[in-house]
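Presented below is the structure to which this report refers.
The values are calculated or read from the model by the stated rules, or taken from the named source; none is laboratory data. Computed from a predicted structure; not experimentally measured. In this analysis, Cβ positions are derived from the backbone assuming ideal geometry, glycine residues included, and neighbour counts consider all displayed protein chains. Accessible surface is based on the protein model in full, side chains and every heavy atom, while ligands, DNA and RNA are left aside. Shrake-Rupley method; radii C 1.70, N 1.55, O 1.52, S 1.80 Å.
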Amino acid sequence: MKRSIIAISGISLGFLSPFLHADTVITSDGAKLVGKIKAISESSITLETQYAGNLEVKRENIVSFTTDEPLNVRLDGGSTVAGTVSKMEDGSLAVDGQDANVVTSVKSVTEAWQPADKDPAIVRIELENAKLARHWKNSISVDFLKKTGNTDRETIGAYIDSVMEGPNDTLNLYGHYIYGKENGEKTDDETIGGVRYSNYFYKYLGWYVRTELERDPFEDIRIRSTSGAGLSLRVINEELHKTVVNLGIAYRYESYTTNADDEGKVGLDVVITDDWTITSWLRESTKIEFVPAFDDFNDYLLRQDTGFEMPLAMSKVWMVRLGISNDYNNRPQPGREHLDTTYYARLMLKW
């Protein structure tokens with residue numbers, strides 16, 4: 001009989017041994033939670049348990065806690081003490097460290113963390129610095145196109161796009177080249193490159209400058225230069241959804257491959273961009289440009305591009321973009337159509 005009791009006691013002690021030396025959290029309803037305190041913040045205590053994993057206990061429901069091993073404890077005065085936490089008879093807490101012993105209360109503990117972890121204050125500073133830092137986003141793309149309008153044939157295009165983005169400014173460098181052949185003859189030879197810079201002096205309001213160069217012999221354009229500057233308004237400025245409206249003055253210069261006179265026009269510059277991460281695997285982006293001349297609003301260029309990006313085989317760098325773009329010139333050269341429509345499937349490498 002004694003042997004049975006000893007055996008049962010041994011089994012019980014073996015089962016309970018992981019809990020004999022552990023941290024405890026006492027709640028306002030009298031519950032005693034046993035485990036290991038991983039961290040304390042202004043709103044909760046994170047307790048690691050063997051019976052329920054990590055528990056988040058609200059600070060407002062906690063009346064006391066103790067630790068079996070040293071913990072870094074920050075008090076409301078800003079000082080930090082490393083030591084074990086025990087409960088005194090009057091309900092206050094004692095932090096017993098090698099360098100100092102401090103008597104405090106639950107409310108006076110602003111945060112705490114394990115000695116092996118990084119100070120939460122340093123983590124917050126690093127996160128804030130990361131938000132303020134500028135970072136580059138780059139992409140290289142290849143298009144397989146189907147065009148109707150001035151060109152009605154299949155073509156291949158190559159794109160490069162680089163964006164340097166900070167909390168208050170954005171620099172965008174871009175360029176693309178489209179080349180096509182039909183029956184052994186060249187049918188497309190379009191080159192576009194540009195730069196755009198935006199700077200925000202308020203959360204939603206700033207200014208921008210941009211310039212773009214275009215060459216397209218098949219539309220009779222030797223060179224087209226469009227430069228603009230004005231105000232930039234962030235209509236939507238959320239982490240997953242951004243909508244920006246640029247409104248300014250533009251100067252458009254066009255030189256033709258025929259004997260037509262070169263033209264320089266001052267006009268309105270309206271650019272709308274929308275970038276929306278709908279889900280983790282679907283992103284929509286749209287860009288609309290409208291550039292009418294001041295002396296004749298019927299003389300304008302209108303461009304639109306809308307596409308949806310999806311990861312290729314769950315990749316984080318390879319994407320597929322399906323979209324449609326329209327290029328409308330209300331005053332094309334003789335023999336040219338007003339509208340070019342492009343349907344494309346774009347393979348993208350982003351980093």
Exercise for the section: Could you please tell me which pairs satisfy a Cβ distance under 8 Å, a separation of 6+ or placement on different chains, a first residue in the stretch 65-90 that is more than 21 Å from Leu47 (Cα to Cα), and a second residue that is buried (at least 16 other Cβ atoms within 10 Å of the Cβ) and polar (S, T, N, Q)? Expected result: Asp76/Thr110
Problem - Every pair of residues 6+ apart whose Cβ atoms lie under 7 Å, when the first sits in the stretch 189-200 and is more than 14 Å from Gly228 (Cα to Cα) while the second is not in a strand (DSSP E or B) - result: Asp189/Pro217; Asp189/Phe218; Asn199/Asn168; Tyr200/Asn168
Fill in the blank from the handout: Scanning the stretch 281-312 for residues that are among the hydrophobic types (A, V, I, L, M, F, W, C) and either open to solvent by less than 60 Å² (accessible area, probe 1.4 Å) or assigned to a strand (DSSP E or B) (or both) gives Leu282, Ile288, Phe290, Val291, Ala293, Leu301, Leu302, Phe308, Met310
Exercise for the section: Evaluate the stretch 57-65: report whether one residue or more is surrounded by 11 or more Cβ atoms within 10 Å (Cβ to Cβ), of a type outside the set (D, E, K, R) and within 34 Å of the chain's Cα centre (by Cα). Expected result: yes
Exercise for the section: Confirm whether Arg74 is more than 16 Å from Asp23 (Cβ to Cβ) and open to solvent by 80 Å² or more (accessible area, probe 1.4 Å). Expected result: no
Practice task
For the stretch 153-166, name all the residues that are surrounded by 15 or more Cβ atoms within 10 Å (Cβ to Cβ) and either farther than 23 Å from Glu212 by Cβ or in contact with an Asp or Glu (Cβ under 6 Å, 6 or more places away or on another chain) (or both).
Solution key: Thr155, Gly157
Practice task
May I ask you to verify whether Ser280 is hydroxyl-bearing (Ser, Thr, Tyr), closer than 22 Å to Lys137 by Cα and at pLDDT below 95?
Solution key: yes
Practice task
Identify, by number, the condition in (1) surrounded by 14 or more Cβ atoms within 10 Å (Cβ to Cβ); (2) at pLDDT 95 or above that Pro332 doesn't meet.
Solution key: (2)
Completion exercise
Thr277 vs (1) within 27 Å of Arg336 (Cα to Cα); (2) under 21 Å from the mean Cα position of the chain (by Cα): all pass except (1)
Handout entry: Candidate set: the stretch 167-223, residues that are β-branched (Val, Ile, Thr) and over 25 Å from Arg331 (Cα atoms); chosen: the one surrounded by the most Cβ atoms within 10 Å (Cβ to Cβ)
Key = Thr170
Fill in the blank from the handout: Counting only residues that are among the charged types (D, E, K, R) and loosely packed, with under 15 Cβ neighbours inside 10 Å, the stretch 26-56 contains a total of 4
Completion exercise
Looking across the stretch 99-116 at residues that are out of contact with any helix residue (DSSP H, G or I) (no Cβ under 9 Å at 6 or more places or on another chain) and assigned to a loop (DSSP other than H, G, I, E, B), the single one that is most open to solvent (accessible area, probe 1.4 Å) is Asp99
